[in-house]
Amino acid sequence: MAKTQTKGAAKGSAKPRTKTAAKGSAKTATKTAAKGSAKTATKTPTKGSAKTATKTKTKATPKGPPRVAICLPGGGITGAMYQIGALAALEHAVEGMQADRFDLYFGSSSGASVAAALAGGVPVQRLYRAFLDPADTYFPLERNHILRMDSGEWRRVLGTIWQAFRHGSSSFFTRGPAPSPAKLWGELDRLYDSLPAGVFSLDNYERFLSDFMVRRGIPNQFGRMPRPLRVIAHDLDSGKRVVFGSEGHDRVPVTRACAASMAIPPFFSPVRVSDRHYIDAGAVQVQMVEDAAEEKPDIVLVINPMVPVDADRVPTGHGVQGSVRDKGYMWVANQAIRIGMKAMLEETVSRVRATYSESEVIVIEPDSSDAILFMHNPTSFAARREILEYAYKTTRNRTTRWLADRGISERFGWHKLGHGGGARSSS
């Protein structure tokens, strides 16, 4: 049976290579592989600053439109904007594609909110315009919706610090014998346990997201969403990965699940759902690709903004510097997360391609040398515009190139949109 392997990378020029062997005395090399011992290997790297990776293992052609499962890992506000820009480009490039009409949505961290909006029927072009225009109030996200101190957590911290101080200083005020070193270390340990579980609370963001969904007519229940939605998080006390929206975890409000998925330690306090506490899934969130493949879609589309930054000129609040180290703790930690997520995503995609041959896995992500864009202040509308337009332009270029591959185009019925666009208008 013929085997076909296709891989699209971001760099290089197209180099098709085809080899066909047939039984008998005649040997013919053509561009079409025959059944039996025929083998076809095609490799098409393309230039550009964004990377789109595809791999085809079978020639099965879906009956009707392809079933698409989309995976949106986290990446903060800038990562969400990259995903929105990339999806807007796909709608403009592929005839008939609508980002709010996919068959299954997976999201984690900031990607969970994007997935929830799309699964709820919000047009991606409308989200694109909302982030692009500073005067647009369609999705009026502000800094105070996310960066709000967890007052309850800080009250607990102050109380336990006072208790530790009172126990440690009791002998000083009573003129009693000095406490033993063991007791002092015990009080220091008490002080260590007094550190906050998180600096900020996501309660305000949950309320903002809930208000947005009410205004846009999006149900806040998994079972009532127009399209199936899955949100990834981790149970803090068991360490187990939880897929909200799946059986047994589908009675949680969508907004609560999105907030739980965004609770990145140590910045955000864990989010309580019923009698459990949940946090961001971290690098393990990319396992959603395997979760999606288990549903046996024709295409698993992954839009990953989390690639390591590769740059020797880093923008900081003190001017351009030469290392990520100069950006401070936040970005040193961010770079570490990016390295882990990128490595785990590559491993997961390779495993999925080897195990689920009926599904095509397409990965869209920025080039590492361009990831420096994500270092700019996300509250700056100039930075937002640059990220959105970068994602749109590079994804549009990549899509045009891999649609030129007739194997992909014919297998899934995806064709380049005619001149002049034809994208939906949305108010």
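The values are calculated or read from the model by the stated rules, or taken from the named source; none is laboratory data. All values reported here derive from a predicted model rather than from experimental measurement. Counting neighbours? That spans all protein chains shown, and the Cβs are built from the backbone with ideal geometry, glycine included. Just so you know, the surface numbers come from the protein's heavy atoms only, side chains and all, with ligands and any DNA or RNA stripped out. Shrake-Rupley method; radii C 1.70, N 1.55, O 1.52, S 1.80 Å.
Per-structure values
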{"item": "Looking only at the range 218-236, and only at residues there that are without any contact (Cβ under 8 Å) to a residue 60 or more places away in the chain and farther than 16 Å from GLY282 by Cβ, the one that is most open to solvent (accessible area, probe 1.4 Å)", "result": "ARG224"}
{"item": "Subset of the range 392-410 [among the β-branched types (Val, Ile, Thr) and either open to solvent by 50 Å² or more (accessible area, probe 1.4 Å) or free of Cβ contacts under 8 Å to residues at least 60 places away in the same chain (or both)]", "result": "THR400"}
{"item": "Strands (runs of 3 or more DSSP E) wholly inside the range 297-391 containing at least 1 residues that are within 18 Å of VAL284 (Cα to Cα) and in contact (Cβ under 8 Å) with a residue 40 or more places away in the chain", "result": "299-303, 360-366"}
{"item": "Which numbered condition LEU373 misses (of (1) surrounded by fewer than 14 Cβ atoms within 10 Å (Cβ to Cβ); (2) in contact with an Asp or Glu (Cβ under 7 Å, 6 or more places away or on another chain))", "result": "(1)"}
{"item": "Residues of the range 366-410 satisfying the condition of being at pLDDT below 90 and charged (D, E, K, R)", "result": "ARG384, ARG398, ARG401, ASP405, ARG406, GLU410"}
{"item": "Selection count where residues are open to solvent by less than 60 Å² (accessible area, probe 1.4 Å), outside any helix (DSSP H, G or I) and of a type in the set (Asp, Glu), scope the range 256-296", "result": "1"}
{"item": "Tally of residues being within 10 Å of the chain's Cα centre (by Cα) and either polar (S, T, N, Q) or part of a loop (DSSP other than H, G, I, E, B) (or both) across the range 76-112", "result": "4"}
{"item": "Candidate set from the range 234-255 (those that are closer than 22 Å to VAL199 by Cβ and not in a loop (DSSP other than H, G, I, E, B)); member that is farthest from the chain's Cα centre (by Cα)", "result": "ASP235"}
{"item": "Lone unmet requirement of (1) modelled with pLDDT of 75 or more; (2) loosely packed, with under 15 Cβ neighbours inside 10 Å; (3) of a type in the set (D, E, K, R) for GLU153", "result": "(2)"}
{"item": "Test: residue in the range 256-272 that is farther than 25 Å from THR160 by Cβ and more than 21 Å from the chain's Cα centre (by Cα)", "result": "no"}
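Residues checked against (1) in contact with a Ser or Thr (Cβ under 7 Å, 6 or more places away or on another chain); (2) closer than 19 Å to THR395 by Cβ:
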site	(1), (2)
VAL284	no, no
GLN287	yes, no
MET306	no, yes
GLY319	no, no
GLY322	no, no
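The rows are residues; the columns are (1) touching a helix residue (DSSP H, G or I) at 6+ places or on another chain (Cβ under 9 Å); (2) at pLDDT below 90; (3) among the polar types (S, T, N, Q); (4) surrounded by 20 or more Cβ atoms within 10 Å (Cβ to Cβ).
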position	(1), (2), (3), (4)
LYS57	yes, yes, no, no
GLY74	yes, no, no, yes
GLN83	yes, no, yes, yes
LEU90	yes, no, no, yes
